[in-house]
1. Give 265, 270 a once-over and let me know the one that is touching a residue at least 12 places away in the same chain (Cβ under 8 Å), over 30 Å from residue 401 (Cα atoms) and surrounded by 14 or more Cβ atoms within 10 Å (Cβ to Cβ).
2. So which of 389, 419 ends up being touching a residue at least 60 places away in the same chain (Cβ under 8 Å) and in the same structural domain as residue 325 (by TED's automatic domain parsing)?
3. Would you point out the residue of the range 402-422, among those that are in a loop (DSSP other than H, G, I, E, B) and within 39 Å of the chain's Cα centre (by Cα), that is surrounded by the fewest Cβ atoms within 10 Å (Cβ to Cβ)?
4. Quick check, is residue 394 at pLDDT below 90 and either under 35 Å from the mean Cα position of the chain (by Cα) or assigned to a loop (DSSP other than H, G, I, E, B) (or both)?
5. Just wondering, is there one or more residues in the range 326-337 that are surrounded by 13 or more Cβ atoms within 10 Å (Cβ to Cβ), part of a loop (DSSP other than H, G, I, E, B) and either touching a residue at least 24 places away in the same chain (Cβ under 8 Å) or on the phi > 0 side of the Ramachandran plot (or both)?
6. Tally the residues that are surrounded by 13 or more Cβ atoms within 10 Å (Cβ to Cβ) and either without any contact (Cβ under 8 Å) to a residue 24 or more places away in the chain or within 22 Å of residue 224 (Cβ to Cβ) (or both), restricting the search to the range 246-262.
7. Identify the residue in the range 282-301 that is in contact with a helix residue (DSSP H, G or I) (Cβ under 8 Å, 6 or more places away or on another chain) and assigned to a helix (DSSP H, G or I) and, among all such residues, is nearest to residue 403 (Cα to Cα).
8. Return the pair list, or none, for Cβ contacts closer than 7 Å from residues in the range 302-315 that are outside any helix (DSSP H, G or I) to residues that are surrounded by 13 or more Cβ atoms within 10 Å (Cβ to Cβ) and modelled with pLDDT under 90, at least 6 apart or on different chains.
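The values are calculated or read from the model by the stated rules, or taken from the named source; none is laboratory data. Just so it is clear, the model here is predicted, and its values are computed rather than measured. Every residue, glycine among them, receives a Cβ derived from its backbone with ideal geometry; neighbour counts consider all protein chains shown.
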């Protein structure tokens, strides 16, 4: 009976020890999570000290004592394994920081450190798999091309250059259209043109062409505005004008009034089903009359020029108009040539911008008008036909438009007539020059 009680007493402490150690696992894990690294060692020392006590309680039953000591050691190892596994899982989940020299360097105390990188770079760092590997080489090239397009674009219009690319002394890029527009604005405001980025002075003598940027930009892919496919920038214009199947195209029966306009690949289908070829002549007469009116106007211009070439007195002069400003409160910009001789008389050509608008620099649409002025006295009226065109010292893009004025002592100045330039960009290009070179043809009709 005593043996039974002693054995019961001997078996009970190891059971309590095991239950105590198992219950203390969360406490050990939490202590280690709070940074008390010595708590695990203290618990191990306590468990080792409990082993001889359990053997003493066992008395003469050595086998029971050995069993209890083994169970205690197993319980302690189990506690350490569970605590370490919980600790590692919490560290990996970001609940606690890993301290100095280990763990995730971008997380401290459960919060992430902001690295201050741009959003695109932060996304690439957070998801390296999207920017690494041979399978994503196409996306890498696309990102590189996109970044290069942003670097090589014009600093004013933010577009890739189609023609020339200029740079200021600090290296900021400007396409030819924006560069001439800035120079023209400086001319109109009577101020020195400056770079929009660094405000350094720009002019045709200080700015220079950047051929490397022009060649690099011509090789970058650009999206077609009709089919949304990418082509090298240098071949995009040809594709959009002649090759793209989605480019807008008129019906071949537009001359007789068909108003259809659609994608090029639908043209044949439409022309097969177009109703205009089956209409009567009376129904298409209005369209034919409008077409004849345009042809008649072009023919009239040609016939007038042929008739003028048959005049006895024909003269031309290669001239240059230079800018000057009035002395009024609001200074107005004018251009004027030096005096030149024609038909034994002294003449001057004068020009103005936007018909002498008060603030022409505030308008994107710009035009040049000019007049012919007789500077000497004349005894007989002079019927003069004249027009301006590109001369040997000019690259002006001007159309032919013939004007006529009868010069007398009372009417020595003609009206201001439009200089027929193709668009405002050509006007800006002329204004950006120090002078406007052109050739003036004059025809005198003898009465």
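1. 270
2. Unique residue meeting the criteria: 419.
3. 422
4. Values: at pLDDT below 90: yes; either under 35 Å from the mean Cα position of the chain (by Cα) or assigned to a loop (DSSP other than H, G, I, E, B) (or both): yes.
Considered against the rule, which asks whether it is at pLDDT below 90 and either under 35 Å from the mean Cα position of the chain (by Cα) or assigned to a loop (DSSP other than H, G, I, E, B) (or both), residue 394 comes out as yes.
5. yes
6. Step one: of the range 246-262, the residues surrounded by 13 or more Cβ atoms within 10 Å (Cβ to Cβ) are 246-247, 249-258, 260, 262.
Applying the additional criterion that residues be either without any contact (Cβ under 8 Å) to a residue 24 or more places away in the chain or within 22 Å of residue 224 (Cβ to Cβ) (or both) yields 246-247, 249-250, 252, 254, 258, 260, 262.
Residues flagged as surrounded by 13 or more Cβ atoms within 10 Å (Cβ to Cβ) and either without any contact (Cβ under 8 Å) to a residue 24 or more places away in the chain or within 22 Å of residue 224 (Cβ to Cβ) (or both) within the range 246-262 amount to 9.
7. 291
8. 311/445
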